[in-house]
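Take a look at the structure below.
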Amino acid sequence: MDITIHSSFLPHTDPEASLAFYRDTLGFELRLDVGYEGMRWLTVGPVGQPDTSIVLHPPFAAPGITDEEKRTVAEMMAKGTYASLLLATPDVDATFEKVQASDAEVVQEPTDQPYGVRDCAFRDPAGNMVRIQQV
């Protein structure tokens, strides 16, 4: 089989704040900006990796989502437990300094983990956990 990861989805609560984080702080490029009925879907991805994207989407755009489900999703997003993303960089300390300078919410400074990786963690503007590990 020949399968690749094309797009992953993360919810956003503020498209402009999310765009600023992923484009301006992490250096991703904006590939698509789609509006529909007052909502926006932003597709971003790392420069030089045109086949790998993250779609930042309105969390309640799914048809059939109930009010109770909306409350649950909103609560989990606020706690940072709804969605996450794992990124990789050759120098996690330098990347941490750049992201921290953007006023992103730091969850964990660069740490050597007992399972063999060095990583750090932030929350994006919607509360999604963004971990960055050194490769």
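Of all residues in the range 63-83, those satisfying the criterion of being within 23 Å of A104 (Cβ to Cβ), outside any loop (DSSP other than H, G, I, E, B) and open to solvent by 80 Å² or more (accessible area, probe 1.4 Å) are E75, K79.
Taking residues in the range 1-26 that are farther than 11 Å from L42 by Cα, and partners anywhere that are exposed (fewer than 13 other Cβ atoms within 10 Å of the Cβ), the pairs with Cβ atoms closer than 6 Å and at least 6 places apart or on different chains are T25/S102.
Tally time: how many residues in the range 105-135 are under 21 Å from T13 (Cβ atoms), assigned to a loop (DSSP other than H, G, I, E, B) and open to solvent by 20 Å² or more (accessible area, probe 1.4 Å)? Walk me through how you get there before you give the answer.
Start the filter on the range 105-135 by keeping residues that are under 21 Å from T13 (Cβ atoms), which leaves 105-107, 121-131.
From the residues that got through so far, the ones that are assigned to a loop (DSSP other than H, G, I, E, B) too are 124-128.
Filter once more, so that each one left must be open to solvent by 20 Å² or more (accessible area, probe 1.4 Å): 125.
Total meeting the criteria: 1.
Residues in the range 35-54 that are within 15 Å of H12 (Cβ to Cβ) and touching a residue at least 40 places away in the same chain (Cβ under 8 Å): how many? Of the residues in the range 35-54, 2 are within 15 Å of H12 (Cβ to Cβ) and touching a residue at least 40 places away in the same chain (Cβ under 8 Å). For residues that are among the charged types (D, E, K, R) and more than 26 Å from K79 (Cβ to Cβ), scanning just the range 12-62, find the one that is surrounded by the fewest Cβ atoms within 10 Å (Cβ to Cβ). Applying the filter and picking the extreme gives E37.
The values are calculated or read from the model by the stated rules, or taken from the named source; none is laboratory data. Computed from a prediction, not measured in an experiment: that's the story for all the values here. We place every Cβ from the backbone using ideal geometry, glycine too, and count neighbours over all the protein chains shown. We work out accessible area using only protein heavy atoms, side chains counted, and drop any ligands, DNA or RNA first. Shrake-Rupley method; radii C 1.70, N 1.55, O 1.52, S 1.80 Å.
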